[in-house]
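Each remark here refers to the structure printed beneath this line.
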């Protein structure tokens with residue numbers, strides 16, 4: 001089926017698959033290595049597999065582009081995050097052949113990212129992107145990847161526990177510029193993601209009924225959501241509508257940016273300054289999400305309803321956001337103490353009744369004696 005020949009000091013092999021010739025360099029000067037490689041390729045062809053040289057032509061960059069194309073075609077909301085992860089992967093794997101991506105190289109990548117200070121959760125998201133692109137390559141017709149290596153995942157122990165006490169929120173709100181006050185108030189009460197709040201438009205709001213709706217496909221989990229506005233939020237939306245009317249800039253977004261020309265996008269500078277001015281330390285906008293969950297549960301709202309308001313689809317993630325703080329633990333201790341005091345009173349009353357019965361019995365025995 002194949003032949004071995006020499007070019008200079010390097011041995012080459014030639015073999016055929018479906019009548020198509022393949023030529024491959026052994027990159028060595030030993031004939032025994034050429035015979036071994038030719039035998040391997042002939043074995044692959046006899047089993048109906050593509051010859052390994054085909055997979056050697058596929059590189060990381062091609063697989064990465066295939067993954068991004070899939071995200072664009074399916075309009076996945078996590079495209080930006082995946083693209084960011086691929087940029088980090090490129091720093092290590094760019095130019096790699098698909099066949100060169102193996103577990104030792106992946107472990108080397110993990111060590112590099114840890115040395116750069118990346119959190120385990122961040123590294124895991126990047127490894128997930130790598131695993132997905134390799135799996136996609138293996139499933140294609142014809143396949144671009146002949147095997148998917150073992151990709152070790154890291155233990156994630158960096159789940160944030162940040163949340164706002166009500167006083168902290170009020171201090172932050174006062175320190176923020178006016179155009180962000182209603183924006184953060186809505187997020188604080190509903191627990192919506194920053195993208196969901198910033199993309200909210202007036203056609204999603206029923207001001208007469210005090211209802212805000214996100215339709216299917218407009219949320220991260222693709223499920224519709226309805227929120228009823230309380231009196232404070234009704235006032236917030238009324239003020240936003242009035243400001244829109246007075247400005248004459250009839251943009252569709254409920255919470256426009258400082259110039260009133262577009263939605264709110266990057267407000268990190270104003271946010272960091274407000275955190276500093278309010279003296280509440282470094283906070284994340286996402287802390288509102290944890291805070292809203294905790295506040296709704298503490299207010300006695302059924303957890304299923306709270307999940308519908310915040311948009312949590314899985315119970316495990318909801319439980320992770322349902323933060324228990326020192327105040328909750330202190331209240332638990334106080335309530336347990338109050339409960340045990342009541343039990344002690346019942347016990348004392350019961351003992352007293354038993355003692356009285358014993359006294360009556362002893363008196364009766366003395367009289368009978």
Arrange the peptides 57-63, 164-170 so that the one whose residues have, on average, the most other Cβ atoms within 10 Å appears first.
-> 57-63, 164-170
Does anything in segment 16-47 have its amide N under 19 Å from the 7 Å Cα→Cβ label point of residue 105, and if so which residues?
-> 25-27
Pull out the extension gain between residue 277 and residue 165, defined as 0.36 nm times the separation in residues minus the alpha carbon to alpha carbon distance; nm, one decimal.
-> 38.7 nm
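Taking only C-alpha pairs under 8 Å that are 6+ residues apart, what is the relative contact order of segment 228-296 in percent?
Reported as a whole number, the value is 13 percent.
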Calculate, in nm to one decimal, what residue 84 and residue 119 gain on full extension: separation in residues at 0.36 nm each, minus their alpha carbon distance.
-> 11.1 nm
Quick one: length gained pulling residue 140 to residue 201 fully straight, 0.36 nm per residue minus the C-alpha distance?
-> 17.9 nm
From the C-alpha gyration tensor of segment 128-287, square roots of 5λ in Å | 37, 23, 15
Cut-off 16 Å (backbone N to label point 7 Å along Cα→Cβ of residue 4), residues of segment 23-40 = 24-40
The relative contact order of segment 175-284, taking Cα pairs under 8 Å that sit 6 or more residues apart, comes to a percentage of 28 percent
At q = 0.14, 0.21 Å⁻¹, what base-10 log of I(q)/I(0) does the Debye formula yield for segment 1-128 when every alpha carbon is treated as an equal point scatterer in vacuo?
-> -0.78, -1.12
In whole angstrom, the spacing between the Cα centers of segment 60-88 and segment 165-219 equals 30 Å
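Coordinate-derived values only; no laboratory data. On a predicted model such as this, the values are computed, not experimentally measured, just so you know. Because the Cβ atoms are built from the backbone with ideal geometry, glycine has one as well, and the counts that use them run over all protein chains shown.
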